Each structure stands twice: as C-alpha cells, then as structure tokens.
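Bear in mind that the values in this text are calculations on the coordinates, not laboratory data. Please read these numbers as outputs of a predicted model, since none were measured by experiment. Cβ placement follows ideal geometry from the backbone for every residue including glycine, while neighbour counts extend to all protein chains displayed.
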Amino acid sequence: MGANKWHKNCGGKVVYQKPIEEGVGFEQAGLCLKCDAFPITEENIIFELNEKEVERFYEDTKLWWRIKKEELSENLDN
C-alpha cells in the first residue's frame, strides 16, 4: 500500500503532525509541506493506493473514488 499523501488544493505532500493546540479533539492532522495548510481534513487529502492509483473524495458526489493517477486534475508533487 502506498504511503504518499497530497493536498487537494495545491498538490503538495502531506504529512501527519500532532495538533498544536490542546483539546482540539483529534490526535494528529494533515500538514501540507508546500502551502503549510494545517490541519487538513481527510476529505482534502489524496491518498496513494499503489504506484498507479489514488483514492480521492469528490464534493459533488460526497463519495470516495479510487482512480488512476493520470486521471487526476491536480498536479502532485513527487
């Protein structure tokens, strides 16, 4: 299973960080290494499944879809 994650807004790599503030209700959240957005919700992260496919949430259908990387409209950082 792939370990890469990208921010839907800018295509930057996402890593998980501990929240800065106490009592925010979650243990860790996504941080974009390109635009410094934090916290990023799962719906705003593109998850790599393998070297050819990713899983991405689509607002219009409110569903997660497994698609080929080449079909993404976002440009992903390597």
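For the chain, the residue among Leu49, Asn9, Leu63 whose Cα projects farthest onto the positive side of the dipole built from Cβ charges is Leu49. Taking every Cα-Cα distance in region 5-71 and sorting them into 10 Å bins from zero, the calculated P(r) comes out as 22, 46, 27, 5 percent. Were the residues from Glu51 through Ile67 laid out at 0.36 nm apart, the gain over their Cα-Cα distance would be 4.6 nm. Applied to region 45-51, the Karplus parametrisation 6.51 cos²θ - 1.76 cosθ + 1.60 on θ = phi - 60° returns per-residue 3J(HN,Hα) values of 10, 9, 9, 6, 9, 7, 5 Hz, with x for Gly and Pro.
For region 52-78, backbone nitrogen atoms closer than 15 Å to the point 7 Å from Asn4 Cα along Cα-to-C-beta are found at 52-56, 67-78. Among the lysines, select those whose C-alpha is under 17 Å from the C-alpha of Lys62, and discard any that sit fewer than 8 residues away in the same chain. Partners within reach: Lys8.
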